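Student: Mind looking over this structure? Questions follow.
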Amino acid sequence: MASRAIRTDVLVIGAGIAGCSAALAAARAGLRVIVLSKSERATSSTNTLWAQGGIIYRGKKDSPRLLVKDIMTAGAGNVNPRAAEHLARQGPRLVKRLLIDELGIPFDRGPRGGLDLTEEGAHSIPRIIHVEDLTGRAIGEAVYHAIRREKNIRFLRAASAIDLLTLSHHSRDPIDVYAPPTCFGAHVLLRLKGEVIPIFARETVLATGGLGRLFLHTTNPNGARGDGLAMAYRAGARIINLEYIQFHPTALYHPAADRFLISESMRGEGAVLIRRDGSSFMEKYHPLGSLAPRDVVARAIHEEMLAYGMPCVYLDITHRPADWIRHRFPNIHAKCLEHGIDITQQPIPVVPAAHYSCGGVAVDLEGRTSINRLRAVGEVTCTGLHGANRLASTSLLEGLVWGWGAGESTAKTLSGERTWRVPPLEPWRAEHEPVDPALIAQDWLTIKHTMWNYVGLVRTRKRMKRALQILRELQFEIEEFYARAEMTDPLLGLRNGVQAALAVTYAALENPISRGAHFRVD
């Protein structure tokens, strides 16, 4: 066994809404919980903080049945009905009890004091509540502060999970290979101390977010590089629906800017997609026009850009009053102004960008994976809720519902457990070859360009086979280097990134049917 180790009841890897919800529910049930965050500054690297539009609540004359219908329609016939029903029934109750009543998140209010409900693409009615256009930040900070107040939760910053510990891969007892696949924690790099330690846990929860950074253009933060997916893949967990990568139709297009997300709620509030000459075009692609499902809108924009030789299209909301725009979308307004675009007077140049992974580690309604003692919540998972294409504003709610449910279920599972065995573990062997940042940067460019050009919005068998060849060769080189190199977070991210990219490409190549966010022209 390693010279230093930590034991806990529950290890949560990730500090977004899903991970924090799981930690909070488990801790309140009396369990000892450790939460890992890659970031040195609280939750700054989570996808949750980057979510703009809002979270599903209850619309006027709304019902669980109507919400399920919208989820099923957006998911292109590939949604798990049990997951949709679970979210529709449990979600609004949990939003009210935890986010509104307990945490007091300041959701925007209408003129009469009621919650301001907005509509987004593919929703039948307005049912989205929001905090201006920074909803994810408000929710993420609130749940983070909530877990920091819990005496049973220990929060580790600058902590990067390296690999899940499983009986079949890491136990020194040769008989353990015959046991059912079982997780007992993770190897973790504590970057501030420069050491690798095992954290042994009776139950481990993956809450690592998405993988948008595998693509050249993305709305995701730097941490969204497929870490949890890659760790689960290496551990042997069942992974499904990875071909369904949702591309957000509207990311800011500007040479000096990252692909900053322009929230779908802007189209819900009446913004219209137009060409350079001011003419609208979405009506010819879908009856809902600019409010069509995301995959339809993203491909329509792609086609328009190709047909007219345009580097982008435009999103126009200038017909709304300027003061209303500044109040409703203060963050988007300020960000665009930084780049010389006044959205009260000018349309916004936009392009599609990788946004959300609808697939991932297969889980049930309580976050259980195919590996014993391993659960997963949030974007790293596939609950079946999103099917082939995610309905807008379901992601924050899914993280909340599955995170809370996983925490409560874990507490019930462990409450009757009297004994727990930690198997003998090989000591960690540190390597010391320096990591060249230039090599890591170049390898990331190869991954991003390969995924964008060959496994992006429009796919063919030839393109994806080319991607496989490139990524396999790159993975071999990275693994050779990884085996000798000093352990760093950028090196971990590169190793996980190429593994996640390969997993997405395999899934896309094996599915010959175009559906939702997976579109093949061959």
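Read-outs throughout are calculated quantities, based only on the coordinates presented, and are distinct from any laboratory measurement. In this text, all values refer to a predicted model and were calculated from it rather than measured experimentally. For neighbour counting, all protein chains shown are included, and Cβ atoms are generated from backbone atoms with ideal geometry for every residue, glycine included.
Student: Would you kindly compute the Cα radius of gyration of the chain and its largest Cα-Cα separation (Dmax), both in Å?
Tutor: Over the chain's Cα set, Rg and Dmax evaluate to 22.4, 70 Å.
Student: Moving on to the next point. Around ALA83, with a cut-off of 10 angstrom between Cβ atoms, what is the net charge of the other residues, counting Lys and Arg +1 and Asp and Glu -1?
Tutor: With Lys, Arg at +1 and Asp, Glu at -1, the neighbours total -2.
Student: Then there's this: If I stretch the segment between VAL422 and GLN346 completely, what's the gain in nm (0.36 nm per residue apart, minus their alpha carbon distance), one decimal?
Tutor: So the chain would gain 21.2 nm between VAL422 and GLN346.
Student: If you build the Cα gyration tensor of region 73-206 and take the root of 5 times each eigenvalue, what three semi-axes come out, in whole angstrom, biggest first?
Tutor: 39, 23, 13
Student: How big is region 196-261 by Rg and Dmax over its Cα atoms, in Å?
Tutor: Just the Cα atoms of region 196-261 yield Rg and Dmax of 15.4, 48 Å.
Student: Can you give me the long-range amide H partners of THR381? Hydrogens built in the peptide plane at 1.01 Å from N, cutoff under 5 Å, separation of 5 or more residues or another chain.
Tutor: When sequence neighbours closer than 5 places are left aside, the close amide H contacts are VAL361.
Student: How large is ³J(HN,Hα) for each residue in region 215-227, as worked out from phi by the Karplus curve 6.51 cos²θ - 1.76 cosθ + 1.60 (θ = phi - 60°), to whole Hz, x for Gly and Pro?
Tutor: With coefficients 6.51, -1.76 and 1.60, one gets 10, 4, 10, 8, 8, 7, x, 4, x, 7, 10, x, 4 Hz.
Student: ARG191 to GLU433: FRET efficiency via 1/(1 + (r/R0)^6), r the Cβ-Cβ distance, R0 22 Å, to the nearest 0.05?
Tutor: That pair, ARG191 with GLU433, gives E of 0.80.
Student: Okay, moving on. If one takes the longest principal axis of the Cα atoms in the chain, at what angle in degrees, from 0 to 90 and to the nearest 10, does the Cα axis of helix 437-454 lie?
Tutor: Once rounded, the angle reads 50 degrees.
Student: Could you pull out the trypsin sites (Lys or Arg not before Pro) across region 152-186 that fall in loop regions by DSSP (anything but H, G, I, E, B) with no more than 12 other Cβ atoms inside 10 Å?
Tutor: Numbers: sites: ARG154, ARG157, ARG172; in loops: ARG157, ARG172.
For trypsin sites (Lys or Arg not before Pro) across region 152-186 that sit outside H, G, I, E and B with at most 12 neighbouring Cβ atoms in 10 Å, the list reads ARG172.
Student: Separate question: Quick one: go through region 246-285 and flag any residue whose amide nitrogen is under 16 Å from the point 7 Å out along the Cα-to-Cβ line of TRP324.
Tutor: 265-272
Student: Okay, next question. Long-range amide H contacts for ALA224: which residues qualify at under 5 Å (H placed 1.01 Å from N, peptide plane, sequence gap of 5 or more or a different chain)?
Tutor: Excluding prolines and chain starts, which carry no amide H, the hits are ARG213.
Student: Now, a different point. Rounded to the nearest 500 deg cm²/dmol, what is the calculated helix-only ellipticity per residue at 222 nm for the chain, with -39500 (n - 2.57) per DSSP H run of length n ≥ 4?
Tutor: That calculation yields -11000 deg cm²/dmol at 222 nm.
Student: While we're on this one: In degrees, nearest 10, range 0 to 90: what is the angle between the Cα axis of helix 489-510 and the longest Cα principal axis of the chain?
Tutor: That helix lies at roughly 70 degrees to the long axis.
Student: Please compute the length gained on full extension between GLU303 and LEU115, using 0.36 nm multiplied by the number of residues separating them and subtracting their Cα-Cα distance.
Tutor: 63.9 nm
Student: Normalised by the empirical 2.2 N^0.38 Å for globular proteins, what value does the Cα Rg of region 341-462 take?
Tutor: Numbers: Rg = 21.4 Å, N = 122, 2.2 N^0.38 = 13.7 Å.
Here the answer is 1.56, to two decimals.
Student: Compute the Kirkwood hydrodynamic radius of region 260-362, taking the inverse of the mean of 1/r over all pairs of distinct Cα atoms, and give it in Å to one decimal.
Tutor: Details: mean 1/r = 0.0693 Å⁻¹.
It is 14.4 Å.
Student: P(r) for region 124-172: what percent of alpha-carbon pairs falls in each 5 Å bin, starting at zero?
Tutor: Over region 124-172, the share of Cα pairs per 5 Å bin runs 4, 13, 12, 14, 13, 14, 10, 9, 6, 3, 1, 0 percent.
Student: Further, regarding this structure: Where does helix 17-28 land angle-wise versus the long Cα axis of the chain, in degrees 0 to 90, nearest 10?
Tutor: Result, in degrees: 50.
Student: Test of the criteria: in region 399-473, which GluC sites (Glu not before Pro) are in a DSSP loop and have at most 16 other Cβ atoms within 10 angstrom of their Cβ?
Tutor: Loop-located and lightly packed - GLU417, GLU431.
Student: Oh, and also: Residue separation times 0.36 nm, minus the C-alpha to C-alpha distance between ASP277 and ALA158: what's the value?
Tutor: Extending this stretch completely gives an extra 38.0 nm.
Student: Then there is this: Can you work out the Karplus-derived ³J(HN,Hα) for every residue in region 323-333? Use 6.51 cos²θ - 1.76 cosθ + 1.60 with θ = phi - 60°, whole Hz, and x for glycine or proline.
Tutor: 5, 5, 4, 5, 6, 6, 10, x, 5, 5, 4
Student: Let me ask something else. Scaled to the compact-protein estimate 2.2 N^0.38 Å, what is the alpha-carbon radius of gyration of region 322-408, rounded to two decimal places? Show your work: numbers first, answer last.
Tutor: Working: Rg = 18.4 Å, N = 87, 2.2 N^0.38 = 12.0 Å.
Dividing the Cα radius of gyration by 2.2 N^0.38 Å gives 1.54.
Student: Volume per residue, Å³, of the convex hull around the alpha-carbon atoms of region 149-304?
Tutor: 195
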